[in-house]
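Taking it in order: structure first as structure tokens, then the write-up.
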Amino acid sequence: MTGLRPRLRVATYNVHACIGTDGRHDPDRVASVIGELDADIVALQEFTYPASVALETRQPVVFTALDRYQCALGPTRQTVTQCFGNALFTRHPIRDVHRLDLSIERREPRAALVATVEVRGTPVHVLAAHLGLRVWERRFQVRKIVEYLDSARDSLLVVLGDFNDWLPGRSAVHVLDGLLGRPPRPASFPVAWPIVALDRIWVRPRGALQRISAHTTPTARLASDHFPVVADIEAR
């Protein structure tokens with residue numbers, strides 16, 4: 001129907017530097033899992049790639065078999081040879097990218113990767129994040145995210161990533177539930193016995209979220225210590 005935003009599938013996946021539960025470093029195996037997802041937009045955490053790659057590249061990095069995707073990079077740490085952090089892979093054009101620093105002094109650097117993706121003429125604003133391990137870190141980081149969300153009110157919005165939020169009664173991301181609604185939370189970690197929902201997806205408007213689930217195939221069980229989480233979206 002004319003005027004409706006398009007249907008799309010989004011996913012978030014902590015790839016654990018492509019080190020699987022068998023201890024093997026195998027980027028091709030992770031790429032196979034991403035292929036299984038058949039997602040329009042995939043947010044990655046703990047993604048590693050060569051430091052020689054230009055920050056503004058749009059070519060698929062590491063996962064070269066995913067040649068239908070563009071990528072945006074959001075490194076949080078860098079050595080002489082390697083970068084580590086967030087990445088966004090999308091089958092639709094990336095129109096704008098910026099990086100939101102969520103770091104706290106003396107803690108592991110953290111960030112969100114923020115992008116506008118054009119899906120068949122419709123702008124979709126995506127914020128992909130990987131939050132800290134301490135609850136007080138996450139409270140600070142969620143406040144920074146909410147400040148950004150205030151600037152993206154009139155558009156289809158997806159917030160997703162590894163939010164490291166698992167403590168009953170001490171949640172930091174309940175603020176996002178209050179702002180964006182409380183979507184289902186499939187358990188995604190650890191793959192051997194998934195009991196906690198570290199990996200989350202929120203969508204605005206709330207009614208656009210049609211389905212959300214963990215992707216628990218045999219290959220996904222080997223490729224990382226997290227399962228991907230996938231959401232189908234259709235605005236009404």
Quick one: which of 89, 63 is in a loop (DSSP other than H, G, I, E, B) and within 15 Å of residue 14 (Cα to Cα)?
-> 63
In segment 175-211, residue surrounded by the most Cβ atoms within 10 Å (Cβ to Cβ) [restricted to those that are closer than 18 Å to residue 145 by Cβ and of a type in the set (Val, Ile, Thr)] = 203
Among (1) small (Gly, Ala, Ser); (2) at pLDDT 95 or above; (3) out of contact with any Asp or Glu (no Cβ under 8 Å at 6 or more places or on another chain), residue 152 falls short only on (2)
Hey, can you tell me all the residues within segment 8-59 that are part of a loop (DSSP other than H, G, I, E, B) and closer than 21 Å to residue 185 by Cα?
-> 15, 38, 39, 40
Among what's in segment 9-30 and is within 15 Å of the chain's Cα centre (by Cα) and aliphatic (A, V, I, L, M), pick the residue that is surrounded by the fewest Cβ atoms within 10 Å (Cβ to Cβ).
-> 17
If you go through 138, 206, 200, the only one that is of a type in the set (D, E, K, R) and more than 15 Å from residue 45 (Cβ to Cβ) is 206
Does segment 102-117 hold any residues that are over 24 Å from residue 37 (Cβ atoms) and either in contact (Cβ under 8 Å) with a residue 24 or more places away in the chain or of a type in the set (S, T, N, Q) (or both), and which are they?
-> 102, 103, 104, 107, 108, 109, 110
Those residues of segment 122-174 which are buried (at least 17 other Cβ atoms within 10 Å of the Cβ), touching a His at 6+ places or on another chain (Cβ under 6 Å) and not in a strand (DSSP E or B) amount to 152
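The values are calculated or read from the model by the stated rules, or taken from the named source; none is laboratory data. Source: prediction; values computed, not measured. Reconstructed Cβ throughout: ideal geometry from the backbone, glycine too, with neighbour counts over all protein chains shown.
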